[in-house]
Amino acid sequence: METEFTAFLTDDNKLVHMQGEVLNIITFLKGIDWTEPWLIGLLVFHILIMTLTVVTRHHGNFQGVFFFSLLLLVLCAKKLNELAASNWEYFAGQQYFDSNGMFISLVFSSPILLNCLIMVGHWLYWSGAMTIKIKQAQLKERLRAESRIRKQKREAEQKKGSEPTESEPDSSEPKKEKDQAKSE
């Protein structure tokens, strides 16, 4: 994965001032001293964020606020990069923060966006599952309603069959008249 970036690696894989090109992201990441306390803190931060993402997956309101908070952090990454570039001597052993923002994008923004992507994926999965459950419940209710209507119709037909109505003549009367006509 070729990318343009102004950085230079020494023979002992230390990242020094921004002069050359990094051939790929892996080479760039190998040049970072991951034992620096602030980078360890950043890794712990990302582990905490991932843990919160997984643990709160069934708490939609919290995750909504959490999601937008993470997106705000990514939005502030440019300003954070500028601030860190001007004050790197106070917390880092070497200058990682370039004007293009590749370092902060790789080690800060990308993991946060990955968490946001996981949340969106979970929300889509949950929405699909809920849609299926709702449709199944609607179908079951419709089947129950149709069954009740059929049962009521059957009961009404059985009542009609067992009780003569006023508009229908009694079936026993015409039989008697026929019997009388035959005997005459």
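The values are calculated or read from the model by the stated rules, or taken from the named source; none is laboratory data. Every value quoted in this text rests on a predicted model; they were computed, and no experiment measured them. So basically every Cβ, Gly included, is an ideal-geometry build from the backbone, and we count neighbours across all protein chains shown. Remember, those area values only see protein heavy atoms, side chains included, never the ligands or the DNA or RNA. Shrake-Rupley method; radii C 1.70, N 1.55, O 1.52, S 1.80 Å.
Quick notes on this structure:
- With DNA, RNA and ligands ignored, accessible area of I149 (1.4 Å probe; Å², nearest 10): 90
- Simple spin-label estimate for I132 and I26 in nanometres, 7 Å along Cα-Cβ: 3.8
- Chain lengthening between L73 and V44 when straightened (0.36 nm per residue, less Cα-Cα): 8.8 nm
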